[in-house]
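Report on the following structure.
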Amino acid sequence: MSMYTNPFRSFPDLEHVVPYSYDTLRDEEEQAEAPSGGRRRPMKVLLSTLLSGILLLALVMVLTGGQRSEEEVVEVVEGNHHPSFPSSKPSRAIEPEWVSRGVSEGVSEKAFRPYSEKGDSYPWTNLMLSWQRTAYHFQPEKNWMNDPNGPLFYKGWYHLFYQYNPDSAVWGNITWGHAVSKDLIHWLYLPLAMVPDHWYDINGVWTGSATLLPDGSVVILYTGSTDEKVQVQNLAHPADPSDPLLLHWIKYPGNPVMVPPPGIGTLDFRDPTTAWLTPDGNWRLTLGSKVNETGISLVYQTTNFTSYELLDGVLHAVPGTGMWECVDFYPVSTTEEIGLNTSAFGPGVKHVLKASLDDSKKDYYALGTYYVENDTWIPDNPVADVGIGIRYDYGKYYASKTFYDQHKQRRVLFGWIGETDNEAEDIKKGWASVQSIPRVVLFDQKTGSNLVQWPVEEVESLRLTSTEFDKVVVGAGSVVPLDVGTATQLDITAEFEIDSETLEGTIEADIGYNCTTSGGAAGRGTLGPFGLLVLAEDSLAEQTPVYFYIAKDTDGDYRTFFCADESRSSLANDVVKYVYGSYVPVLEGEKLIMRLLVDHSIVESFAQGGRTVVTSRVYPTQAIYGAARVFLFNNATAANVTASLKIWQMNSAFIRPYFNDHHI
Ligand code: DQQ
């Protein structure tokens with residue numbers, strides 16, 4: 001097959017593209033009217049809808065004054081401190097000034113390189129840099145890693161493949177790294193699974209997915225960047241299916257099996273999903289692309305995984321969201337707390353569509369209905385469509401991928417947690433990026449409008465000694481140390497109650513609250529912020545607050561936010577410090593609960609059982625090793641809060657090379 005001719009049917013006509021508003025439900029940005037959408041529309045409707053999308057964007061830009069989204073703002077919070085609240089000034093914010101890696105190949109910006117040419121970076125010591133390595137998150141022994149690829153459970157082992165540069169701590173020369181685990185926590189590094197060694201992937205063995213077939217065999221589909229940097233899809237299968245470690249992979253001699261169809265840019269065609277089996281007995285898969293600024297998801301059909309047919313239309317499209325990378329598409333049960341096989345379909349099932357937005361490097365998902373008869377997916381709530389609504393994680397988190405774990409009947413999510421430091425420091429420390437602790441993903445039956453994500457139960461096997469704190473009163477404007485010894489590897493569960501008199505007596509509080517633009521942890525309001533300071537040293541000159549903030553309107557309705565403020569996380573001036581966060585649904589009678597996994601330079605924070613999640617990458621210079629502490633804080637002006645906590649010290653995971661004589 002010639003790769004530049006189109007062996008398939010014509011490019012989908014985007015018949016059912018419907019523009020929705022650009023506002024985000026959770027980011028609290030300006031909301032515009034969303035037209036209701038039909039499922040199939042003619043091309044002229046597409047053109048007019050795209051045009052209205054552009055006009056709508058222009059309108060929103062005017063209304064918001066072109067306001068930048070949360071993470072584009074590097075927060076600088078000045079003054080407004082209560083004397084007992086940490087008074088250190090956040091260090092200077094950085095306007096990133098970087099050189100692109102990967103963009104010419106048609107993938108996201110991969111490098112953050114502030115001050116690399118000015119030479120005025122912070123004087124990092126080896127001691128500081130070595131502290132940043134995580135103890136129980138997965139990361140390769142050395143060098144660069146990005147997206148998780150092809151996770152699966154096979155013959156007793158969990159397999160994780162990942163985008164990996166075997167030569168350096170920066171993006172490039174992308175191969176598939178490979179590790180296996182019995183429990184998703186302790187990992188053995190295996191030899192590289194696939195390297196760029198054919199014309200159809202010589203510029204990179206990029207992201208892909210595994211599909212487990214009913215006969216127990218495995219196929220992998222991945223994107224190759226060809227000798228001419230064209231993005232194509234390739235097929236691979238295990239050389240020895242009886243090998244539980246799947247050490248060797250054979251690339252299909254007929255590769256590529258899918259090439260960019262007419263109308264799709266050669267740099268805009270990547271990241272095939274796990275395939276699902278439809279009731280008509282065909283396999284389908286989807287992959288991300290764009291047409292102008294409309295992010296789309298193409299659908300292919302196959303029976304044998306070697307020949308594919310591009311189906312008419314698209315699974316879904318959202319104007320203004322740009323290139324969709326690492327699309328994920330899977331069913332969730334609305335009635336049972338179990339995961340579903342990717343091919344599950346029928347009553348009691350909703351489908352999640354997730355896209356990683358190349359333009360903003362954020363992972364957005366939405367819940368909706370999959371119509372197998374015409375391979376379209378319609379969001380439950382058009383205003384919270386993919387790319388404009390809910391995110392998996394409001395912190396540093398991208399290119400995520402789920403798999404169905406048939407061993408434990410759960411759907412497990414991995415996500416790439418990149419660096420926000422200076423690339424020169426990544427090169428010095430010899431590595432860059434970690435994977436999130438795998439999270440179980442479930443439909444939230446209580447709210448009906450979001451997923452919940454929760455660290456896999458196996459992480460609890462790392463819990464060592466614990467300390468409990470019962471009903472600690474944290475007065476308005478105060479900080480309370482929690483004596484747990486060294487606080488660099490922790491699992492923290494905390495429950496907060498705000499004093500009801502103040503809560504009820506408050507007529508109105510901060511209705512326009514926004515984690516990023518309302519002053520971070522130092523911005524004081526009647527009913528917040530309150531929460532924890534982690535990776536803090538005694539003087540609080542360095543600290544990472546993770547907190548709730550309650551807003552109340554005159555109708556007596558509450559809106560709760562869950563935020564993490566990195567602006568004082570490090571005295572270093574050459575790392576990016578964001579204030580992240582979002583709204584979190586809190587139902588009648590629920591306490592405010594958070595769980596934090598602290599592991600050196602990463603803090604994964606879950607609110608209300610995982611309805612809202614925020615991951616922070618932080619690079620303290622003093623709050624490290626034995627100097628790292630944890631505190632409760634309450635920076636509200638009026639309300640006292642009562643907190644009950646359990647804090648575990650966490651063991652390190654065994655993450656090491658595999659040798660034949662090693663067992664875990
Ligand atoms: N990373 C891969 C691409 C994918 C991107 C290249 C997302 O396949 O689109 O390393 O981070």
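The values are calculated or read from the model by the stated rules, or taken from the named source; none is laboratory data. The shown structure was predicted, so the numbers you read here are calculated from the model rather than taken from an experiment. Backbone-built Cβ (ideal geometry, glycine too); neighbour counts: all protein chains shown. Please note that ligands, DNA and RNA were not included when accessible areas were found on the heavy atoms of the full protein model with its side chains. Shrake-Rupley method; radii C 1.70, N 1.55, O 1.52, S 1.80 Å.
Report the gain in length on full extension from T334 to K155: 0.36 nm times residue separation, minus Cα-Cα distance, nm rounded to one decimal.
Working: separation 179, 0.36 × 179 = 64.44 nm, distance 2.91 nm.
In short, 61.5 nm is gained.
Every pair of different Cα atoms in the range 378-527 enters the Kirkwood calculation, which places the hydrodynamic radius at 20.0 Å.
The candidates H186, H237, arranged from most to least accessible area with a 1.4 Å probe in the full protein assembly, appear as H237, H186.
For the range 458-650, which whole percent of the accessible surface, found with a 1.4 angstrom probe, sits on carbon and sulfur atoms? Intermediate values should be presented prior to the final figure.
Details: 2680 of 5720 Å².
Looking at the range 458-650 in its full context, I get 47 percent from C and S.
Hey, what did the range 458-650 get for relative contact order, percent, Cα under 8 Å, at least 6 apart? Kindly include the intermediate steps, with their values, before the conclusion.
Working: 517 pairs, mean separation 77.7, N = 193.
Over the range 458-650, the number comes to 40 percent.
Within the assembled protein chains, the solvent-accessible surface assigned to W199 is about 100 Å², based on a 1.4 Å probe.
Placing pseudo-labels 7 Å out from each Cα toward the beta carbon at F659 and Q406 gives an inter-label distance of 3.4 nm. Projecting the Cα positions of L213, G313, L285 onto the charge dipole of the range 138-436 (unit charges on Cβ atoms of Lys, Arg, Asp and Glu, taken about the Cα centre) puts L213 furthest along the positive direction. Where does the Debye-calculated log10 I(q)/I(0) of the range 138-436 sit at q = 0.07, 0.11, 0.12, 0.14 Å⁻¹, using only Cα point scatterers of equal weight, no solvent? Normalising to I(0) and taking log10 leaves -0.23, -0.61, -0.73, -1.04. Between T303 and I507, the modelled label-to-label distance comes to 7.3 nm, taking each label 7 Å out from Cα in the direction of the beta carbon. Using a simple spin-label model with pseudo-atoms 7 Å out from Cα toward Cβ, L192 and D359 lie 3.5 nm apart. Between Y558 and L464, the FRET efficiency from the beta-carbon distance, with R0 = 51 Å, is close to 0.85.
As a test of the definition: which semi-axes, in Å, follow for the range 529-579 when you take the square root of five times each eigenvalue of its alpha carbon gyration tensor? Largest first, please. Mind dumping the intermediate values first?
Details: eigenvalues 158, 28, 9 Å².
Semi-axes (√(5λ), whole Å): 28, 12, 7.
For the range 458-650, the solvent-accessible area works out to 30 Å² per residue, with a probe of 1.4 Å and every protein chain left in place. Measuring between their Cα centroids, the range 384-458 and the range 517-532 lie 26 Å from each other. Per residue, the accessible area of the range 138-436 comes to 27 Å², computed with a 1.4 Å probe over protein heavy atoms only. By its C-alpha gyration tensor, with a ≥ b ≥ c as the square roots of the eigenvalues, how is the range 413-482 shaped: rounded for a/c under 1.5, else prolate for a/b larger than b/c, else oblate? In terms of gyration-tensor shape, oblate.
Computed over protein heavy atoms with a 1.4 Å probe, the carbon and sulfur contribution to the accessible area of the range 138-436 reaches 52%. Computed across the range 458-650, the Kirkwood radius stands at 16.5 Å (inverse of mean 1/r, all Cα pairs). When S466, S601 are compared by accessible area of protein heavy atoms, the largest-first order is S466, S601, using a 1.4 Å probe.
Pair-distance distribution of the range 201-317: all C-alpha pairs, bin width 10 Å, starting at 0; shares per bin in whole percent are 13, 46, 31, 9, 1. The overall shape of the range 460-553, judged from the alpha-carbon gyration tensor, is prolate: a/c is not under 1.5, and a/b is greater than b/c.
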